[in-house]
Amino acid sequence: MAGRVCPVWVGYLLASPLRRLLQNPQKTLGKYVKPGMKVLDIGCAMGFFSLAMARMVESEGKVFCVDLQEKMIESLKKRATKAGLLDRISPRVCSDSSLEINDLAGQIDFALAFYVVHEVSDIPGFMTQIHKVLKPGGKLFVAEPRGHTTDDEYLQTETIAQEAGFSIIDHPKIRKDRTTLFVKK
Ligand SMILES: C[S@@+](CC[C@H](N)C(=O)[O-])C[C@H]1O[C@@H](n2cnc3c(N)ncnc32)[C@H](O)[C@@H]1O
């Protein structure tokens, strides 16, 4: 299931404001992300969702943004600075074996893994780390593009998440994508 990571040039496309016409962050995430929350954007790339969530959490909230690729995080920081949102984000370069979020145990209200799981080599380790940082009742939103995963692979991801301690509470509708909203039991 795991593939190679998204190239940096695709990161620029994913961060384009035109993407909002097809995937509006407010419409997709607005009901989960509220002012004052601590949220986590895993595989944030250049921050299409991170910056939108930074607006949703307002000045008392925080968005922790992790990505494997330093170039994605550097571009995210520039975009956050330009948008006047740098103080609401905590950008981190992670590795295959660690999301670098151990300091956040039990603190996160909402986590997003948008179009990233198919690139992850150790999905059980990935889910376990996310589970650890969520508060009890905290939510994880996973979205995967249909072209990158089969039905069986996606079901396997859901099973792995359940084995890590998540329950499935919804399959939110996003055109053409596979999505799951999990809650930490
Ligand atoms: C297809 S992009 C999606 C970016 C973003 N979530 C979005 O929807 O705009 C996937 C991103 O996940 C990152 N990534 C891949 N494997 C990862 C891992 N194990 N941990 C953290 N980030 C990862 C890649 O570097 C890339 O920036």
Within the stretch 4-92, which helices (runs of 4 or more DSSP H) (wholly inside it) include 3 or more residues that are of a type in the set (A, V, I, L, M, F, W, C)? 8-14, 48-57, 70-82
Looking at this structure, is residue 137 assigned to a strand (DSSP E or B), surrounded by fewer than 16 Cβ atoms within 10 Å (Cβ to Cβ) and more than 11 Å from the ligand (Cβ to nearest atom)? yes
Does the stretch 29-36 contain any residue that is in contact with a Phe, Trp or Tyr (Cβ under 6 Å, 6 or more places away or on another chain), more than 13 Å from the ligand (Cβ to nearest atom) and touching a residue at least 24 places away in the same chain (Cβ under 8 Å)? yes
With respect to the numbered conditions (1) more than 12 Å from the ligand (Cβ to nearest atom); (2) out of contact with any Phe, Trp or Tyr (no Cβ under 7 Å at 6 or more places or on another chain), which one is the sole condition not fulfilled by residue 39? (2)
Is one or more of the residues making up the stretch 40-47 buried (at least 18 other Cβ atoms within 10 Å of the Cβ), acidic (Asp, Glu) and touching a residue at least 60 places away in the same chain (Cβ under 8 Å)? yes
Among the residues of the stretch 79-103, which ones are more than 12 Å from the ligand (Cβ to nearest atom) and in contact with a Phe, Trp or Tyr (Cβ under 8 Å, 6 or more places away or on another chain)? 89, 90
Assuming residue 121 fulfils every condition listed in (1) within 12 Å of the ligand (Cβ to nearest atom); (2) in a strand (DSSP E or B); (3) among the hydroxyl-bearing types (Ser, Thr, Tyr) apart from one, which condition is it? (2)
What is the number of the single condition among (1) closer than 19 Å to residue 24 by Cβ; (2) in a strand (DSSP E or B) that residue 175 does not meet? (2)
Which listed residue, of 110, 126, is surrounded by 15 or more Cβ atoms within 10 Å (Cβ to Cβ), among the aromatic types (Phe, Trp, Tyr) and part of a strand (DSSP E or B): 110
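Residue by residue, here is whether (1) more than 22 Å from residue 46 (Cβ to Cβ); (2) out of contact with any Lys or Arg (no Cβ under 8 Å at 6 or more places or on another chain) holds:
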| position | (1), (2) |
| --- | --- |
| 76 | no, yes |
| 82 | no, yes |
| 109 | yes, no |
| 114 | no, yes |
| 126 | no, yes |
| 132 | yes, yes |
| 136 | yes, no |
| 146 | yes, no |
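Rule-based calculations on the coordinates, nothing more; no lab input. Every value quoted in this text rests on a predicted model; they were computed, and no experiment measured them. Neighbour counts are summed over all protein chains in view; Cβ atoms, including those assigned to glycine, are modelled from backbone coordinates with ideal geometry.
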